[in-house]
Amino acid sequence: MITPAFELTQDPDFLTVKIRVPYARASEFDVYFEGEDFKFYAKPYFLRLTLPGRIVEDGREKASYNTDEGTFTIRLPKEVPGQHFEGLDMLTSLLAPKKSRSAKPLVEEMAASAELSEENEEEFDWEMEQIPYEESTPALQHPYGFGNLRSGVFQRLQDELSDVIDLKDPDQTPAQERRRKRLAAEAAKFEPDHYLADFFEDEAIKHLLKYKPWWIDAHKKMTALQGGSHQEHESPTFVVFSEEEKEQMRKFTNKSYLLDKRSRHHVYLGLIDILLAYCYEICVNEGDKNVESSWNIRKLSATLCWLEVSFSSIHDVLVSFGRRVLCYPLYRHFGLVTRALSDTVMILQLGKAAVLKCLLDIHKIFMESDPAYILNDLFITDYCIWIQKVKSKKLAALCESLQKTTLSKSHMGLELEELEAAAVLVQEEEKALKAAGTVSKQQLLCSESETSDSEESSSTSSSETEGSDSDEQESSTSEDGEINSLQGTLQEERTAPLIDCNGLRQGTNTSAMEAGDGKSKVSLQSTTPAGKLVEELEMQIHSAMRLSEQPEGLATAGCISQEQEENPVTEPDRFSEDAAGKRNFLEVSPKPNPLLFLCSTNEDED
């Protein structure tokens with residue numbers, strides 16, 4: 001028999017059951033309902049439901065069949081008009097027949113079946129192999145899983161153990177030892193540098209915190225209708241299950257769980273732990289699934305990763321989750337811890353439908369991850385079935401307790417506040433050093449600019465000095481040139497009377513003239529300033545001109561000019577100097593010349 005796809009809706013007076021039975025014979029179907037029981041049969045489909053409220057057959061019931069969709073729609077009147085049937089979307093809990101939840105009938109049934117098997121057993125085989133008895137203490141296996149109902153699972157799955165959980169040999173590890181090892185592993189894994197990097201460079205974290213999952217909008221709608229009289233009746237409409245999620249619920253096998261008070265306490269705390277990890281995963285991936293989704297959920301939940309069963313309070317769960325967020329995933333920021341906490345509170349306030357929707361999503365994520373499917377068998381499948389039967393008042397009380405629980409960085413036991421304070425001090429010191437370096441750099445630039453300015457001014461002054469020096473040198477050179485030219489003229493005037501018309505020297509003492517001439521040059525070039533030298537030269541020229549005006553000088557000048565006309569020789573040829581600097585004359589006249597003595601006397605006086 002095939003269980004068909006179905007869904008239930010209600011209004012104040014009727015319960016509507018919609019059943020999809022494609023390829024069934026519409027002419028051959030049976031419907032039975034009475035009280036809380038509902039049965040439907042259309043070959044090869046069979047559906048049996050246990051309803052959360054009573055229905056009655058009073059002639060108002062109605063059924064219809066849509067051939068295009070292949071669906072039956074059956075409207076059943078409520079026994080109490082206006083009654084709200086709770087949990088109509090908890091499909092798994094509606095499938096199985098109602099059974100007794102006490103342990104006594106189950107134990108009696110098992111005992112009866114054991115006696116029956118003994119009566120029907122064949123003759124005992126006395127030839128069976130026997131093993132000598134050895135006194136030994138049986139290995140104690142510590143339970144784990146949903147409600148601590150499992151043990152010995154990982155003995156058969158050692159190969160996949162390391163890929164699923166962090167605990168080694170969980171069957172032989174007691175609860176307190178698991179807790180101790182978990183805390184030690186978290187302390188060893190915590191990296192202050194990674195935490196401080198996310199603390200100061202939190203642009204990506206702020207972006208992730210802006211993401212709004214589906215439960216935020218649903219919670220806003222519920223909050224907006226809190227004052228309405230039909231709030232309780234309309235609350236299930238805030239959470240809508242997809243067809244895939246409905247199919248998941250139909251595939252679950254409905255069963256009852258025999259949990260004592262301590263086990264129920266652990267189940268509720270484990271539920272919070274798993275939801276916190278799921279909310280973190282949805283936030284950091286912004287609702288998208290990836291290959292890390294399964295890892296994030298199971299790694300951040302100590303219930304899944306360390307098979308933790310020693311939580312004593314909600315605060316312990318929050319501290320465990322906060323420590324693991326700051327030690328393992330990519331984003332390690334305390335803001336993500338508080339965000340996951342607030343999201344979990346919203347989910348619990350929306351009711352068990354929202355919790356079931358999250359658990360179904362986790363179940364799907366683990367089912368698609370090769371090693372993590374084991375966690376579905378140990379925890380998630382049982383949670384999906386169990387949550388459908390939980391009383392809404394219990395879930396509301398759990399949500400209220402979670403909302404009152406506070407969590408701070410000091411509770412993490414990782415010295416987060418001290419690390420942040422030290423990092424802030426280091427930042428301030430670096431800023432101060434940077435500011436000091438900037439000031440010193442500016443001062444250095446100012447000093448360099450001043451130095452360059454001084455160098456430019458000095459170079460300018462030196463260039464001006466060099467310019468003035470060069471000007472002076474040029475002026476002195478020009479003055480020296482003028483002096484030399486004047487001296488040359490003077491020498492011509494001096495030597496002119498010494499040469500007769502035949503071009504012969506008329507003086508008698510050439511060495512005296514050379515000595516006197518050299519003395520006059522030295523005195524003129526070395527001891528006399530430029531201005532005085534010019535004046536003295538002018539005076540000498542005037543005196544020479546006065547002497548040249550005499551008749552003898554005129555005759556001598558005429559002889560010289562006649563000689564120049566007959567023998568055109570340049571002035572340097574007449575007064576050529578050899579390498580030793582001596583003058584060469586054609587002939588020295590033994591007759592003294594009075595002009596020579598006058599000129600010599602003039603030089604001595606100067």
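The values are calculated or read from the model by the stated rules, or taken from the named source; none is laboratory data. This one's a predicted model, so the numbers in the text were calculated from it and none came from an experiment. As a convention, Cβ positions derive from the backbone with ideal geometry for all residues, glycine included, and neighbour counts pool all protein chains shown. SASA here: full protein model, heavy atoms, side chains in, ligands and nucleic acids out. Shrake-Rupley method; radii C 1.70, N 1.55, O 1.52, S 1.80 Å.
Go through the range 365-375 and give me each residue that's open to solvent by less than 10 Å² (accessible area, probe 1.4 Å) and either more than 11 Å from residue 298 (Cα to Cα) or not assigned by the TED database to the domain that holds residue 313 (or both). 374 - this is the single residue of the range 365-375 that is open to solvent by less than 10 Å² (accessible area, probe 1.4 Å) and either more than 11 Å from residue 298 (Cα to Cα) or not assigned by the TED database to the domain that holds residue 313 (or both). Restricting the range 10-38 to residues that are part of a loop (DSSP other than H, G, I, E, B) and surrounded by 17 or more Cβ atoms within 10 Å (Cβ to Cβ) leaves a set whose member that is modelled with the lowest pLDDT is 24. If only one of 281, 247 is buried (at least 19 other Cβ atoms within 10 Å of the Cβ) and either at pLDDT 90 or above or part of a helix (DSSP H, G or I) (or both), which one is it? Answer to the selection: 281.
Checked against (1) in contact with a Ser or Thr (Cβ under 8 Å, 6 or more places away or on another chain); (2) open to solvent by less than 30 Å² (accessible area, probe 1.4 Å); (3) under 29 Å from residue 207 (Cβ atoms), residue 340 passes all but condition (1).
Taking the condition on the phi < 0 side of the Ramachandran plot, surrounded by 12 or more Cβ atoms within 10 Å (Cβ to Cβ) and out of contact with any strand residue (DSSP E or B) (no Cβ under 9 Å at 6 or more places or on another chain), does residue 62 pass? The answer is no for residue 62.
Please indicate, with yes or no, whether at least one residue in the range 357-372 is farther than 23 Å from residue 167 by Cβ and of a type in the set (A, V, I, L, M, F, W, C). Checked the range 357-372: at least one residue is farther than 23 Å from residue 167 by Cβ and of a type in the set (A, V, I, L, M, F, W, C). Comparison of 55, 74, 2 shows that the only residue that is aliphatic (A, V, I, L, M) and open to solvent by 70 Å² or more (accessible area, probe 1.4 Å) is 2.
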